[in-house]
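Asker: Sharing a structure, written as structure tokens. Questions coming.
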Amino acid sequence: MPEKVIFLADMESFYASVESARDPSLRGKPVAVCGDPALRHGIILAASREAKAHGIKTGQPAWEARRMCPWVIFIHPRMQAYIDCSLQITEIFKQFSDRVFPYSIDEQFIDLTGSTKLFGTPRQAAEQLMEKIRNETGIRCRIGMGENMLQAKMACDCFAKKRAEAFFELNSANYAHFTWPLPVGSLFGVGHRMVKNLNRIGVRNIGHLARLPRGMLGRLWGVNGELLWLNARGIDYSTLETNSAPGQKGVGHTATLPRDYRRQGEIELVLLEMTEEVCARTRRQGKVGSTVHLYCKGSDFDFPTGFSRQKTLPESTANTMKIYPVVLDLFRRHWDRKPVRAVGISLSGLTPFRQLQLALNADYEKAEALAEAAGQVRKRFGKTSLFRAASLKVGAQLFERAGKIGGHDS
């Protein structure tokens with residue numbers, strides 16, 4: 001059996017690179033793609049290499065980026081253009097392999113196992129890929145290579161992105177040598193909170209984690225602990241299959257509000273609109289859900305407040321007016337009365353609608369027919385063609401977000 005050759009290809013500063021490819025006058029200049037700097041969602045989504053040299057990074061407020069680099073060029077995001085470019089890159093990858101797995105809008109896995117007779121050595125294949133993407137899209141691609149998806153991801157994030165040749169290979173033989181000296185936070189799957197937990201038990205780098213008894217991590221953090229132990233040793237049993245993606249576990253919608261919301265009525269109005277959106281997307285999949293989750297984040301950056309709570313429904317549904325009362329109950333019981341910056345709603349425990357065991361005393365048929373009719377109207381004429389009158393009130397976000405993708409202009 002041939003040795004596995006898995007690539008993770010990452011597009012450098014993807015959104016900013018797409019903008020620079022569209023407008024050559026931006027090349028070589030500090031460019032930052034972000035929302036409206038005058039509003040709350042003026043957050044940096046992508047920064048060019050020149051902008052990063054001034055300390056600007058993703059997730060930073062626009063005002064802070066301007067302070068670091070007064071001559072930074074802000075570009076309003078065009079999400080449809082980025083999606084189109086990502087799809088174009090996928091088609092390029094498919095010229096090299098029929099096993100391509102998009103990981104995010106700017107990262108994709110490619111399985112090139114057994115293709116050396118077609119494209120040469122893995123490094124030669126990577127160089128051909130990078131050149132083709134650069135010539136056809138104007139975007140610089142970095143590639144990490146491994147015997148599995150984890151190794152490829154670590155090779156790209158920790159090494160390829162920092163090298164002029166934009167390529168790096170990890171394998172079972174060299175994984176420990178290169179990765180074990182790295183800070184434990186560099187390991188895929190280790191977030192800021194887990195870093196603190198690991199530091200408390202003396203784990204500072206990936207090697208410290210790899211040398212711990214596997215059972216110890218399992219006792220401390222269950223399955224997640226064992227998974228981190230495997231990651232620290234470069235072990236990954238997952239397979240790259242393009243036609244067997246796991247079923248979606250939930251449908252969610254999160255939004256950063258354009259200003260601090262202080263009035264309960266305004267916040268509850270946004271929650272109604274978000275519940276409507278989540279239920280509509282769930283119904284489009286022919287699904288119903290059993291668990292409602294509400295996320296709420298305060299407006300204070302220095303002393304963050306908020307909550308994350310969920311509740312199981314008495315029966316699965318995707319009906320707005322059955323789920324919204326549950327959302328309201330969670331909000332009213334856990335909101336600390338402080339200004340709100342972001343909210344999110346999700347519906348999980350999804351099952352096909354046809355499997356739903358209908359209650360004898362519930363008029364599901366009428367409610368579903370009404371929801372389906374409303375969905376068809378919005379699908380044909382747009383989200384704002386049919387809406388609840390409450391969305392005309394102050395604080396509503398329906399019309400503001402109707403033409404956007406992921407909260408940004410299309």
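The values are calculated or read from the model by the stated rules, or taken from the named source; none is laboratory data. Being a predicted model, the structure only gives us computed values, none of them experimental. Here the Cβ positions follow ideal geometry from the backbone for every residue, glycine too, while neighbour counts run over all protein chains shown.
Asker: Please pick out the residue among G146, G138 that is assigned by TED's automatic domain parsing to the domain that holds F109, surrounded by 15 or more Cβ atoms within 10 Å (Cβ to Cβ) and modelled with pLDDT under 95.
Answerer: G138
Asker: Give me a count of the residues in the range 151-171 that are modelled with pLDDT under 95 and either part of a strand (DSSP E or B) or under 19 Å from H208 (Cα atoms) (or both).
Answerer: 0
Asker: Here is a check on your reading of the model: is T90 surrounded by fewer than 19 Cβ atoms within 10 Å (Cβ to Cβ) and in a helix (DSSP H, G or I)?
Answerer: Working: surrounded by fewer than 19 Cβ atoms within 10 Å (Cβ to Cβ): yes; in a helix (DSSP H, G or I): yes.
Here the answer is yes, as T90 does meet what is asked.
Asker: For Q108, state whether it is under 19 Å from the mean Cα position of the chain (by Cα) and at pLDDT below 90.
Answerer: Against the criterion (under 19 Å from the mean Cα position of the chain (by Cα) and at pLDDT below 90), Q108 does not qualify.
Asker: Which members of the range 295-348 meet the condition of being of a type in the set (F, W, Y), assigned to a loop (DSSP other than H, G, I, E, B) and in contact with a helix residue (DSSP H, G or I) (Cβ under 8 Å, 6 or more places away or on another chain)?
Answerer: W335
Asker: What's the number of the only condition in (1) at pLDDT 95 or above; (2) surrounded by fewer than 19 Cβ atoms within 10 Å (Cβ to Cβ); (3) closer than 29 Å to L87 by Cα that L182 fails to meet?
Answerer: Every condition holds for L182 apart from (3).
Asker: Check S97 against each of (1) under 18 Å from E12 (Cα atoms); (2) modelled with pLDDT of 90 or more and name the one condition it does not meet.
Answerer: (1)
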